[in-house]
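Report on the structure given below.
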Amino acid sequence: YGGSVMNKTVKKISLTALFAAMVFGLTMLHIPIGAGGYIHVGDAMIYLSGLLLGPWAFLAASIGAVFSDLASGVATYAIPSAIIKFLIAIPFVALYNKSNKLLTVWTALCTILSGAITVGGYYVADLVLYREGAIADIPANAIQAVGSAVVFIVLALALDKAGIYKRLKGYLNG
């Protein structure tokens, strides 16, 4: 018994690190905007990690976002990003193990909710950090949210068609 629990934990930690690296990597491939922020599609990896890893996704999301902000020279956003990325993972973590597919009507709707959290969260962060730049960054944050939703939908569909989700669930639970 103890060995299989340990093995599952090691697998989850390993995949959490992998997803944190993917969040970081896709966030680093960004287009700078406004008050020091940038547009990226790293959030798509947060959405996938929520469905694949459950609560472990909170770590992947926050770690990947914090390190990308630090590496991009926008350290002032590190703490707000950690909080916002944690929050955008919640709808997907709530659907963890609720379906045999990554792409469902519910997961597609979650991209809208998480997108709204992204736009609202960074608006509040910009108000606190810069005040006058807050409204100016809303369109870019909306573009980021839509881009991440599109990338998530395409990836989720492809992974579902390839049967990856079912195989990964078997790997994690085996």
| query | What number, in percent, do you get for the relative contact order of the chain if the mean sequence gap of Cα pairs under 8 Å and at least 6 apart is divided by its residue count? | reply | 25 percent
| remark: Listed by chain and number, the lysines with an alpha carbon less than 18 angstrom from that of residue 85, same-chain partners under 8 positions apart left out, are none
| Please report, for the Cα atoms of the chain, the Rg to one decimal and the Dmax as a whole number; what are they, in angstrom? | 16.1, 57
| task | Name the helices (complete DSSP H segments) of the chain with a Cα length along the long axis of 27 Å or more and a Kyte-Doolittle mean of at least 1.0, or state none. | result | 105-129, 138-161
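What percentage of the solvent-accessible surface of segment 25-174, computed with a 1.4 Å probe over protein heavy atoms, is contributed by carbon and sulfur atoms? Mind dumping the intermediate values first?
On the way: 5360 of 7030 Å².
Of the solvent-accessible surface of segment 25-174, carbon and sulfur hold 76 percent.
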| task | State which stretch of the chain is the longest one without any exposed trypsin sites (Lys or Arg not before Pro), exposure meaning a DSSP loop state and at most 12 other Cβ atoms within 10 Å. | result | 1-97
| note | Interchain or sequence-distant (5+) residues whose placed amide H lies within less than 5 Å of the amide H of residue 39 are 31, 33
| note | Highest GNM mean-square fluctuation among 23, 93, 150, for the chain with Cα springs under 10 Å, belongs to 150
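The values are calculated or read from the model by the stated rules, or taken from the named source; none is laboratory data. The structure presented is a predicted model; accordingly, all values stated were derived computationally and were not measured. Virtual Cβ from ideal backbone geometry, glycine too; neighbours counted across all protein chains shown. Note: accessible area is taken over every heavy atom of the protein model, side chains too, but ligands, DNA and RNA are not part of it. Shrake-Rupley method; radii C 1.70, N 1.55, O 1.52, S 1.80 Å.
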